[in-house]
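Enquirer: Have a look at this one before I ask anything.
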Amino acid sequence: MVTQWQKRRAVGEAHERRVAAALAAQGWTVERCGQGTYPPAIQQALARTTSALRWFPDLIAARAGEVVTIDAKDCMPSSTSGRYAVSDEAIHAGLQFIAANRPTPLYYVFGDLRVLTPVEVLHYTSHAERRHDGAYRLVSTRQAHPFGTVFGRALPLRAAS
């Protein structure tokens, strides 16, 4: 029997592969990292905790000496509301990650391959009611950046010297 967690994991892993392929097409070298690289027993245990390890980025990428991290977020945007939903826990863990790993940026890449940072999500939703019950922040899809704008175009190949 396939559990809800297994379904979500499969969708998430497919989205991670899609984002990794899109980054590679732009000339980035991409590697998986974070919770998705752990054995299933560790993933399931982390899913039941509030550990920041649960929210560690899914991908790390480098190109021309630049390093970025990606939290691939699928099942969004809402087809009826035009908003992305990002959990408060993910945002706060993302802010902690950024602070601890400066100057390496963290980007959320959504299912439509548009991009926001945790700081942007917080900024665009700062007017929202503060809740402490595992709430999600809803941010308009219009606020997100196109993938190519953030991650650039593929670099030209250098001729061998």
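Enquirer: From the list 32, 54, 17, pick out the single residue that is within 16 Å of the chain's Cα centre (by Cα), in contact (Cβ under 8 Å) with a residue 12 or more places away in the chain, surrounded by fewer than 18 Cβ atoms within 10 Å (Cβ to Cβ) and farther than 26 Å from residue 135 by Cβ.
Expert: It is 32.
Enquirer: In the stretch 1-14, what residues are of a type in the set (Gly, Ala, Ser) and crowded, with 16+ Cβ neighbours inside 10 Å?
Expert: 12 - this is the single residue of the stretch 1-14 that is of a type in the set (Gly, Ala, Ser) and crowded, with 16+ Cβ neighbours inside 10 Å.
Enquirer: Hey, can you tell me all the residues within the stretch 35-50 that are within 20 Å of residue 99 (Cβ to Cβ) and exposed (fewer than 13 other Cβ atoms within 10 Å of the Cβ)?
Expert: Matches in the stretch 35-50: 50 only.
Enquirer: Sort out for me the strands (runs of 3 or more DSSP E) sitting completely within the stretch 23-113 that have 2 or more residues that are more than 19 Å from residue 10 (Cβ to Cβ) and at pLDDT below 95.
Expert: The strands (runs of 3 or more DSSP E) meeting that bar are 83-87.
The values are calculated or read from the model by the stated rules, or taken from the named source; none is laboratory data. Bear in mind the structure is a predicted one, so any value in this text is a computation, not a measurement. Reconstructed Cβ throughout: ideal geometry from the backbone, glycine too, with neighbour counts over all protein chains shown.
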